[in-house]
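Worksheet: the structure to be examined is printed underneath.
The values are calculated or read from the model by the stated rules, or taken from the named source; none is laboratory data. Since the structure is predicted, the reported quantities are computational estimates derived from the model, not experimental observations. FYI the Cβ positions are ideal-geometry reconstructions off the backbone, even for glycines, and counts take in every protein chain you see. Protein only, heavy atoms only, side chains kept; ligands, DNA and RNA dropped before computing areas. Shrake-Rupley method; radii C 1.70, N 1.55, O 1.52, S 1.80 Å.
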Amino acid sequence: MAKNIVLVGFMGTGKSATGQLIAEELNRSFIDMDTLIEERAGKKISAIFADEGEPHFRQLEHNLAVELSRESDLVIACGGGIVLNPANIAAFSQTGLVFCLHADPDEILQRVARQSHRPLLEGDNDKAQAIRDLLAKRQSLYQAIPLSIDTNGHKPIDTAREVLKVYHASAP
Ligand code: S3P
């Protein structure tokens, strides 16, 4: 039984792409929390936000974090807001190594510019400002995660290698 590898970080930091590559490399199951929440709810995250509201989504997210933290050998990509509830990080930390992926606002904007599935960036015409505001509000929560990976200018494969290096060094 090996510890879960849990990727957190702001939207557009590459959690899903990086997590998939890590799971392939280690031959483990990959869980994208948002995808699993969508499959179980039978609707997109944006529809959950619109129909039931953000607090309901946060509850689903928390329930899933607790559920997954009881398992092992997983690679898990979280939604960007997972850090908003400290109980999520506490649960994941009990059975896994939690990595925070970081990227600067400009790079995040480039990565998410042509996507439209993130309700927290959609209401605002000025996506760049929305990213800066939300990132500023959450910065201390992301920075509180001890294992931190800079993804600026890096492709998911480079970030995956970086995570694996730390993982192998701390959980041989
Ligand atoms: C959110 C990030 C999204 C998704 C939801 C809320 C957030 O996931 O969970 O739209 O609060 O930062 P990604 O980080 O995968 O975009």
Review point. Which residues, counting only those in the range 128-170, are open to solvent by 20 Å² or more (accessible area, probe 1.4 Å) and β-branched (Val, Ile, Thr)?
Key: Ile157, Val166
Review point. Restricting the search to the range 122-136, which residues are of a type in the set (Gly, Ala, Ser) and at pLDDT below 90?
Key: Gly123
Check your understanding: Do we have Val98 as among the aliphatic types (A, V, I, L, M), farther than 19 Å from Leu121 by Cα, in contact (Cβ under 8 Å) with a residue 40 or more places away in the chain and not in a loop (DSSP other than H, G, I, E, B) here?
Key -> yes
Check your understanding: For the range 17-28, which residues satisfy the criterion of being in contact (Cβ under 8 Å) with a residue 12 or more places away in the chain and not in a helix (DSSP H, G or I)?
Key -> Arg28
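Yes or no, residue by residue, for (1) open to solvent by 50 Å² or more (accessible area, probe 1.4 Å); (2) more than 13 Å from the ligand (Cβ to nearest atom); (3) within 15 Å of the chain's Cα centre (by Cα):
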{"position": "Leu84", "(1), (2), (3)": "yes, no, yes"}
{"position": "Val98", "(1), (2), (3)": "no, yes, yes"}
{"position": "Ala103", "(1), (2), (3)": "no, no, yes"}
{"position": "Glu107", "(1), (2), (3)": "no, yes, no"}
{"position": "Leu120", "(1), (2), (3)": "yes, no, yes"}
Exercise for review: State which residue is farthest from Ala2 (Cα to Cα) when the search covers only the range 55-73 and only residues that are open to solvent by less than 10 Å² (accessible area, probe 1.4 Å) and among the aliphatic types (A, V, I, L, M).
Suggested key: Leu64
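For every residue, the table says whether it meets (1) farther than 15 Å from Gly14 by Cβ; (2) touching a helix residue (DSSP H, G or I) at 6+ places or on another chain (Cβ under 8 Å).
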{"residue": "Arg70", "(1), (2)": "yes, yes"}
{"residue": "Leu74", "(1), (2)": "yes, yes"}
{"residue": "Gly79", "(1), (2)": "no, yes"}
{"residue": "Ile89", "(1), (2)": "yes, yes"}
{"residue": "Cys100", "(1), (2)": "no, yes"}
{"residue": "Glu107", "(1), (2)": "no, no"}
{"residue": "Lys127", "(1), (2)": "yes, yes"}
{"residue": "Ile149", "(1), (2)": "no, yes"}
{"residue": "Asn152", "(1), (2)": "no, yes"}
Practice item. Output the residues belonging to the range 84-121 that are of a type in the set (Ser, Thr, Tyr) and closer than 15 Å to Leu141 by Cα. Key: Ser93
Check your understanding: Filtering the range 29-54 down to residues that are assigned to a helix (DSSP H, G or I) and open to solvent by 70 Å² or more (accessible area, probe 1.4 Å), which residue is nearest to the ligand (Cβ to nearest atom)?
Key -> Ala50
Exercise for review: Spot the failing condition for Met11; the list is (1) open to solvent by 30 Å² or more (accessible area, probe 1.4 Å); (2) within 14 Å of the ligand (Cβ to nearest atom); (3) not charged (D, E, K, R), and only one is missed.
Suggested key: (1)
